[in-house]
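The values are calculated or read from the model by the stated rules, or taken from the named source; none is laboratory data. Just so it is clear, the structure is predicted and the values come from calculations on it, not from any experiment. Cβ coordinates were reconstructed from backbone atoms using ideal geometry, including for glycine residues, and neighbour counts include every protein chain displayed. All accessible areas refer to the heavy atoms of the entire protein, side chains included, with ligands and DNA or RNA removed. Shrake-Rupley method; radii C 1.70, N 1.55, O 1.52, S 1.80 Å.
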Amino acid sequence: MEFWEILVLGIGLSMDAFAVSVCKGLAVRRADLKTSLVCGAWFGAFQALMPLIGYFLGRMFADAIAAVDHWVAFFLLALVGGNMIKEALSGEEESATPDLSAKAMLPLAVATSIDALSVGFTIANYDWLMALVCSVIIAVVTFFICMTGLSLGKRFGTRLSNKADILGGVILI
């Protein structure tokens with residue numbers, strides 16, 4: 001996988017976390033550097049962790065699914081991407097609290113990184129170092145996009161969150 005492909009993948013994967021960050025930006029009292037760093041770190045860390053978990057699971061079951069692994073990856077990414085688009089078009093507003101504690105952020109970070117788990121299956125045929133590089137690039141992209149999302153949410157509100165989910169869904173598909 002080329003660097004630019006991993007970068008685009010990271011952007012697509014980070015869009016649901018971006019949308020949640022925008023909502024968090026609405027709820028927080030101040031979108032200062034510390035708040036942005038905390039938000040970006042939670043989402044970035046889980047966007048790095050999930051592909052690695054998927055990578056190891058994919059390696060464990062590689063022999064069993066080798067003939068259809070590309071179709072499994074396609075189906076999972078298309079399913080997640082389609083769901084992101086469907087949720088964005090449903091018109092339901094996401095609600096967020098200003099709470100950045102582990103109790104509040106852990107479920108959000110896990111929920112927004114489930115799609116990254118399927119990416120781990122797609123990179124299961126890579127060596128360990130390349131899988132790690134992919135995960136780190138995805139994490140860094142997510143970190144900065146979520147920091148930006150928090151600030152934009154404070155400034156512009158939810159007008160951006162649905163568009164981000166649609167873009168992320170299209171990229172994943």
Fill in the blank from the handout: The one condition residue 126 fails out of (1) surrounded by fewer than 16 Cβ atoms within 10 Å (Cβ to Cβ); (2) at pLDDT 85 or above; (3) of a type outside the set (A, V, I, L, M, F, W, C) is (1)
Exercise for the section: Would you tally the residues in the stretch 10-48 being buried (at least 21 other Cβ atoms within 10 Å of the Cβ), at pLDDT 90 or above and in contact with a Lys or Arg (Cβ under 9 Å, 6 or more places away or on another chain)? Expected result: 1
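Of these, 151, 101, which one is open to solvent by less than 50 Å² (accessible area, probe 1.4 Å), more than 21 Å from residue 49 (Cα to Cα) and at pLDDT 85 or above? Spell out how you get there, then give the answer.
Details: 101 fails: more than 21 Å from residue 49 (Cα to Cα).
Selected residue: 151, the only one of 151, 101 that is open to solvent by less than 50 Å² (accessible area, probe 1.4 Å), more than 21 Å from residue 49 (Cα to Cα) and at pLDDT 85 or above.
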Exercise for the section: Please name all residue pairs, on different chains or six or more residues apart, with Cβ atoms under 6 Å, provided the first residue is in the stretch 102-121 and is more than 19 Å from residue 134 (Cβ to Cβ) and the second residue is modelled with pLDDT of 85 or more and hydrophobic (A, V, I, L, M, F, W, C). Expected result: 105/42; 108/20
